[in-house]
1. Report the local net charge at W113: Lys and Arg +1, Asp and Glu -1, summed over other residues whose C-beta lies under 9 Å from its C-beta.
2. May I ask for the Rg/Rh ratio of the stretch 30-120, computed from Cα atoms with Rh as the Kirkwood radius, given to two decimals?
3. For the chain, what % of the accessible area comes from carbon and sulfur atoms, probe 1.4 Å?
4. What is the sum of charges around E89, taking Lys and Arg as +1, Asp and Glu as -1, for the other residues whose C-beta is under 15 Å from the C-beta of E89?
5. Ignoring ligands, DNA and RNA, what accessible area per residue does the chain give at 1.4 Å, in Å²?
6. What spacing in nm lies between the two simple spin-label points modelled at H22 and T119, each 7 Å away from Cα in the Cβ direction?
7. All other residues with a Cβ under 14 Å from the Cβ of G6 taken together, and with Lys, Arg as +1 and Asp, Glu as -1, what is their net charge?
8. Okay, helix-only estimate at 222 nm for the chain: each DSSP H run of n ≥ 4 adds -39500 (n - 2.57), divide by all residues, round to 500 deg cm²/dmol; what do you get?
Amino acid sequence: MCSFGGGTVLIVVPRKEKTFDHNRDCVTFEHLLEDFQRDIGEEDLTHLPEIIEKHDYDLDPLCGGRENFIKRSQKNMENRCLHHHVFDELSLRKALEFAGFEVIDFGFYGANWYIVGKTR
């Protein structure tokens, strides 16, 4: 469990069904926990092959196509364009609870999930 003092948190993440991630599997909480315990950072490109393979380039015209997307993604620390994980309600709830928050609201708005938590 993590400790952040007191307060409220709002997390907003893309819903895979509404984005170019729709072909990807949702991350499990166990995977998130393992990444946390191993101190995996944003520079990690472990998921890049999956992202490249399952990315819907037609839904992401601004990426400039597959080859441009690959080049851009390999420099993720410069542009921070990757969705390392794809979330669902269960993984979001478990992550927030693990961090010491009580979920007080959850839903979606447009193409995004939102989850609100308050410290216990």
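The values are calculated or read from the model by the stated rules, or taken from the named source; none is laboratory data. The shown structure was predicted, so the numbers you read here are calculated from the model rather than taken from an experiment. All Cβ positions, glycine included, derive from the backbone under ideal geometry; neighbour counts span all protein chains shown. Protein only, heavy atoms only, side chains kept; ligands, DNA and RNA dropped before computing areas. Shrake-Rupley method; radii C 1.70, N 1.55, O 1.52, S 1.80 Å.
1. Result for the local shell: -1.
2. Values: Rg = 15.5 Å, Rh = 15.2 Å.
Rg divided by Rh gives 1.02.
3. On the way: 3940 of 7570 Å².
Percent of accessible area from carbon and sulfur atoms in the chain: 52.
4. Value of the local net charge: 0.
5. Values: 7570 Å² over 120 residues.
It amounts to 63 Å² per residue over the chain.
6. 4.1 nm
7. +1
8. Here the helix-only value at 222 nm equals -8500 deg cm²/dmol.
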